[in-house]
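Input: a single structure, listed below in structure tokens.
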Amino acid sequence: MSDRWFDNLFDSPFAGGTTWDVAGHTVLGAIEPSMIPVLRQGSESVVCSAEDRMAEHRHGGPAPWDGSTLRTPMIWRAIHRSVMDELRDPRVDAELTCSIRDTHTEFLDQLPESGGMVRLDTAEQVEVWLHALYDHHLLAHEIVGKPLEELPEEPEGDSAMSMWCQHTMSKIGAAAERARPPRG
């Protein structure tokens, strides 16, 4: 299986992958420059959807879910915070919507305009990246649980984006562990 496309793809940011390392307690990343506009467009869409939903809250309550780009991240955040049963409560919906908007706004602020160098100086910045990338993964395509033999030889579109996000999250997580100050 060593000739599969992902063996080399994810090891080099110049081949479409991502590389993350540590300098002191800072996590440094190199991302394929062509991924920057893809991530920017996706997060801008999430921010816009969140702002629309928040406007609905201000004007009498949100409309029922209609396949909005926020639905999947909202459900994930509700499960993550153990508030799934309360998701129908407009206050919980508004709080989670605001959280998603804020995460992607911060992510956009940290995303380079061009090039692909990223610097995450704090644990909070690492968390923003992990949450935003997980949202991108959820919105792209759910492939978790599929055996490798069922994955396409050369994934395209949603599958490729989903796999890219998963790989990048694992690299950031590993780098963040190495950057963590020793417990004293």
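The values are calculated or read from the model by the stated rules, or taken from the named source; none is laboratory data. From a predicted model like this one, the values you see are computed outputs, not experimental measurements. In this analysis, Cβ positions are derived from the backbone assuming ideal geometry, glycine residues included, and neighbour counts consider all displayed protein chains. These accessible areas exclude ligands, DNA and RNA; they are computed on the full protein's heavy atoms, side chains included. Shrake-Rupley method; radii C 1.70, N 1.55, O 1.52, S 1.80 Å.
The listed residues are Asp93, Asp102, and the only one of them that is among the charged types (D, E, K, R), at pLDDT below 90 and in a helix (DSSP H, G or I) turns out to be Asp93. Scanning the range 59-73 for residues that are part of a helix (DSSP H, G or I) and at pLDDT 80 or above yields one hit, Pro73.
Residue count for the range 102-129 satisfying the condition of being touching a Ser or Thr at 6+ places or on another chain (Cβ under 9 Å), closer than 22 Å to Ala78 by Cβ and open to solvent by 30 Å² or more (accessible area, probe 1.4 Å): 2. For Glu56, the stated conditions do not hold, so it cannot be described as open to solvent by 60 Å² or more (accessible area, probe 1.4 Å) and either touching a helix residue (DSSP H, G or I) at 6+ places or on another chain (Cβ under 7 Å) or at pLDDT 90 or above (or both).
Considering the conditions (1) surrounded by 14 or more Cβ atoms within 10 Å (Cβ to Cβ); (2) at pLDDT 80 or above; (3) of a type in the set (S, T, N, Q), Gln41 is excluded by exactly one of them, (1).
Within the range 87-98, does at least one residue satisfy the condition of being small (Gly, Ala, Ser) and touching a residue at least 60 places away in the same chain (Cβ under 8 Å)? Scanning the range 87-98, I find no residue that is small (Gly, Ala, Ser) and touching a residue at least 60 places away in the same chain (Cβ under 8 Å), so the answer is no.
Might you check whether a residue that is open to solvent by 30 Å² or more (accessible area, probe 1.4 Å) and among the small types (Gly, Ala, Ser) occurs anywhere in the range 70-81? No, there is no match, as no residue in the range 70-81 is open to solvent by 30 Å² or more (accessible area, probe 1.4 Å) and among the small types (Gly, Ala, Ser).
For the range 91-101: of the residues being surrounded by 14 or more Cβ atoms within 10 Å (Cβ to Cβ) and not hydrophobic (A, V, I, L, M, F, W, C), which is nearest to Glu124 (Cα to Cα)?
So the first thing to find is which residues in the range 91-101 are surrounded by 14 or more Cβ atoms within 10 Å (Cβ to Cβ), and the list is 92-101.
Still in the list and also not hydrophobic (A, V, I, L, M, F, W, C): 93, 95, 97, 99, 101.
Numbers: Asp93: 23, Glu95: 19, Thr97: 19, Ser99: 14, Arg101: 16 Å.
Looking at residues that are surrounded by 14 or more Cβ atoms within 10 Å (Cβ to Cβ) and not hydrophobic (A, V, I, L, M, F, W, C), I get Ser99.
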